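The structure appears right after this line, and notes come after that.
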C-alpha cells in the first residue's frame, strides 16, 4: 500500500512539474521503471499528421507496458487549427501545439518528432495535400526520421488505402509512411542524408485500425480476429494508474484544442493490422522474432548480465545500493561499437545513476535571456544525497569551451554553491528554428539537415558537470535555466534564451485606413541590455507617407521599453502593402518582434517574428457605431472591427440581461462561442429578444458536435466546409441588402482570401432563412450555408461559417466590407 501511495504521488509530481516547468526528480518506482526500459532494446514509431492525431493509449502501452523506445512522428505542428485558450493562430499556434505534444510525451513516456510540413488547414484529398506540402520534401523528412530514430516497427494512425474519405493530411501521413518504409533502407534514396546517418530498414509496418474505419462493427470484429491486439487498459501498480488513465492524462495536455478529458479505466482493446515486412511469429506481439535483449548489440551480453540482475533484485528503499553495478554497466555501455544504441543507453543509464544517488545539479542564470556576445552570471548547485564517494573535478561551459577546475569532494547531503561568468560569444538566437526563414503555404524552410525533425531548438547554453563517482569519471550535462520565485506562485523555472539586443513591436498587425486621414502608428522598442541607444525608422509602401522620418531612442535598463508614434498617411486610392520596422543600434540592424507565449501547462516560449504590419487603404462605408462582442474561442475580430472605426464592447456573458443589450447597433458572437461559453444556453432568450426588438445578431461558426446555437428557426450544422481559399463564390441573391449596403459586394471582394472560405456550414435550414452565397471545393456539390440571414421580429438573425476570424486579421479588404454590411443589415 505504501508503495502504491508513493507511485500515485509520483504521477502527481509529474503533472505538477509539467505545470510548473520544474525538473523531474525520480522516485524509486520511477527509477525501477527506467531500469526496465534500459533493458529493452526495441523501438516503435507511431506516425500521423497533427498534434492530437496520436493514439496516446497505444503510445503509452508501448512505452510503459512493452518498455519500448516509442516515438510519435507528427508530420505537422498543427499550425492550421484553432486555439481555444488564447489568440495565437498560425505559426504561434504551432509553437503552442509543439510544446503540448512534448508535455503529452512527458506523461505517456514517448518521444516527439516532426517533419517540415506546414499545416495549411483542412484538406479533402491527399492529392491536394501532397501538392501543397511538396511531397518529395516531406517524404524525405519521413525517411530521415526512420533512418535516425531506427524503429523496428512502424504504426500508422490512418489507412493509406482510403484517399478522399478523411482529412487529406491524415491519409497522406499513411501514404508517405508506406513509401518511406522501403526507401529508408535504399542507399540510392536521399543520398545526401547518408552524410549524417545510415540507411535503416524497419522490420514491420502496421495500421492502428478500429471499427471506426470500417463503419460496420460486426464486419470489423470478424476481420479483427487476424489482427494484433493490445489490452490498453492494463494496470500499472508502480504508478497506481491504468494505461488508459495515463493516456487520458497525456491527451489532456492538448489544451488549446480542447482535449481536456476524464480519465478512463478498464479493459480496452486496440488493434494493429499487419501491412508489410517480416511476418509475425506471434500475432499478439509486434516485436516477435526481433531481438530486444542486450544480446542485440555486440558486447551487450556482459551489460545485460549486470542490468538484469539489478532489475531482478532492485531495492526500492535504497536504490543507491546499485550504484557500483550501474557504474560498471556504464563503463561498458560507453565502449559499445554500435553508436546508435550507445548514445541512447548512455543517456538512459546516466539518468538512472543521477537519480539513484540523489544527485542534484543545477545551473541558473540571473535573467531568463541574454544577448549574443554578452556575459552572464550562472549560479551552480551540486548536491550528493548518497554515501557514494564523489568528486566534482570540474565544470565546463559548452558555449565557450571554458573549463573551471574544482576538485571538490562532495559528501553526503553537503551542498556546494558557486558562481561562474560565462561568455556567450556570437550565439544564434534561440527562437524556434523552423520559423527563422520565411515559410511557404505548405512547407517550413530548414536548410540544416540535422535540425529537421527536432521538436524544438536545442537550448543555447549548457554546463557539463564533470564528476568522479566511486572512481568512475562521468559527465552530466545540464541546460542553463532561470530559477526564481514569485510570492503568489512559488518557485518558477523558465528556459534560458538568446535574444536580440533590440526588439520592436507594432501595436497593430493590420492597419485599415477607411479614408484619407492619417493614423497614429505606435512602435515599442525593448532593450535586451543596459544603455542601448539607436535610431528607429519605418519602411513604407510606395504611395504612402510618414512623419517623422525617424526617432532616436535611449534606453538605460534591460527590459525597459519606449514607445514612439509615427503618423502614417495613406494614398487616395485603394492600396495594400506592409510597413516594416527597423531599429539600428551598435552598428547593427534589428528587424524582429519578440512574442512571448506564457501558459502554465507549457514552458514559456520566446518567438521572433518580423516586426511588420499589413496596411490597407480601403474605401469602406459603415452604418452604426456601437458593437457588442461575446468572445468565443480566442479570435481577434474585436480589434479588427475597431480598426475601421467601430466602438466594440466585449460583453461578459454572465452579465447579459433584458436591459443591457439595446444600446448596441449589432451584437456579434465569436467563433465557437456556443461550444465553449456555457452561460450562453441560459442567456439565449435575451439575445433573441434583442433581435426581436430590432437588433442585429451575427453568430460566427461553431462545430457541430452536439451543440445547440439557439437559432430562432430550424438550423442544422454540418461538417461542410470549403477549404480552397480560391474557390469560386457565387452570389445567390444580388439584390439582397447585405451585398449592397452600405458597400457593394462584387466578385473582386472574394480575391486574396487566406487558408479557406469557411467551415462547419449549416446544411439544412427552414424557409425563414435566405442563403446569400454558394461555393464548393473542386468535385463537390454546391454549399449554400456559408451565410444565412433570417428576419426575426423587427431584427435580423445572421449565421455565418465564413472564416472571418482568419480573413480580418490577414487584412482581406473584401472580408471587411462584407462584415461591415452584415453589421448594417436592417439599418437602411
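I'd like to compare 697-710, 255-268, 788-801: which one has the highest average count of other Cβ atoms within 10 Å, and what's the full order after that? Let's see the in-between values first.
Numbers: 697-710: 18.6, 255-268: 15.1, 788-801: 21.1.
Highest-to-lowest ranking by the protection proxy: 788-801, 697-710, 255-268.
Any chance you could give the angle, 0 to 90 degrees and rounded to 10, that helix 168-183 forms with the longest Cα principal axis of the chain?
30
What is the gain in length, in nm to one decimal, between residue 731 and residue 283 on full extension, counting 0.36 nm per residue of separation less the C-alpha to C-alpha distance? Walk me through the numbers on the way to the answer.
On the way: separation 448, 0.36 × 448 = 161.28 nm, distance 5.76 nm.
Answer, rounded to one decimal: 155.5 nm.
Can you tell me the 0 to 90 degree angle between the C-alpha axis of helix 323-333 and the longest principal axis of the chain, rounded to 10?
Orientation of helix 323-333: about 80 degrees from the principal axis.
Grab the Cα-Cα distance for residue 331 and residue 215, subtract it from 0.36 nm times how many residues apart they are, and report the gain in nm with one decimal.
Details: separation 116, 0.36 × 116 = 41.76 nm, distance 5.45 nm.
Extending this stretch completely gives an extra 36.3 nm.
Determine how many Å³ per residue the convex hull of the Cα atoms of region 724-826 encloses.
It comes to 96 Å³ per residue, whole-number rounded.
Expressed as an acute angle from 0 to 90° and rounded to the nearest 10, what is the orientation of the C-alpha long axis of helix 813-824 relative to the principal long axis of the chain?
It works out to around 60 degrees.
Peptides 209-218, 67-76, 624-633: what's the order by average Cβ count within 10 Å, highest mean first?
Per-residue mean Cβ counts within 10 Å order the peptides as 67-76, 624-633, 209-218.
Which value in Å does the Kirkwood hydrodynamic radius of region 257-325 take, with 1/r averaged over all unlike C-alpha pairs and then inverted?
Result for region 257-325, one decimal place: 16.8 Å.
For the chain, what is the mean residue ellipticity at 222 nm derived from helices alone (per DSSP H run of n ≥ 4: -39500 (n - 2.57); sum divided by total residues; nearest 500 deg cm²/dmol)?
Helix contribution divided over all residues of the chain: -7000 deg cm²/dmol.
Report Rg/Rh for region 42-292, rounded to two decimals, where Rg is the Cα radius of gyration and Rh the Kirkwood radius.
Radius of gyration over Kirkwood radius for region 42-292 works out to 0.95.
By its C-alpha gyration tensor, with a ≥ b ≥ c as the square roots of the eigenvalues, how is region 502-617 shaped: rounded for a/c under 1.5, else prolate for a/b larger than b/c, else oblate?
Note, shape of region 502-617 comes out oblate.
Under 1.5 on a/c is rounded, so check that first for region 635-723, then, if it is not, pick prolate when a/b is larger than b/c and oblate when it is not; a ≥ b ≥ c are the square roots of the alpha carbon gyration tensor eigenvalues. All intermediate terms of the calculation are to be shown ahead of the outcome.
Details: a/c = 1.72, a/b = 1.18, b/c = 1.45.
The shape class here is oblate.
Rounded if a/c is under 1.5, else prolate if a/b beats b/c, else oblate: with a ≥ b ≥ c from the C-alpha gyration tensor eigenvalues square-rooted, which is region 142-201?
prolate
Under the definition of Cα pairs under 8 Å and six or more residues apart, what whole-number percent is the relative contact order of region 42-292?
The normalised contact order for region 42-292 reaches 23 percent.
Based on the mean of other beta carbon atoms within 10 Å per residue, what is the order of 121-133, 48-60, most packed first?
Descending packing order for the listed peptides: 48-60, 121-133.
How are the C-alpha pair distances of the chain spread across 10 Å bins, as whole percents from the shortest bin up?
So the P(r) values, bin by bin, are 2, 11, 19, 23, 20, 14, 8, 3, 0.
In whole percent, what relative contact order does the chain give with Cα contacts below 8 Å and a gap of six or more residues?
Values: 1883 pairs, mean separation 77.5, N = 828.
The normalised contact order for the chain reaches 9 percent.
Bear in mind these aren't lab numbers, they're just calculated from the coordinates by the rules spelled out. These figures come from a predicted structure and were not determined experimentally. Methodologically, a virtual Cβ is constructed for each residue, glycine included, from the backbone with ideal geometry; neighbour enumeration extends over all protein chains shown.
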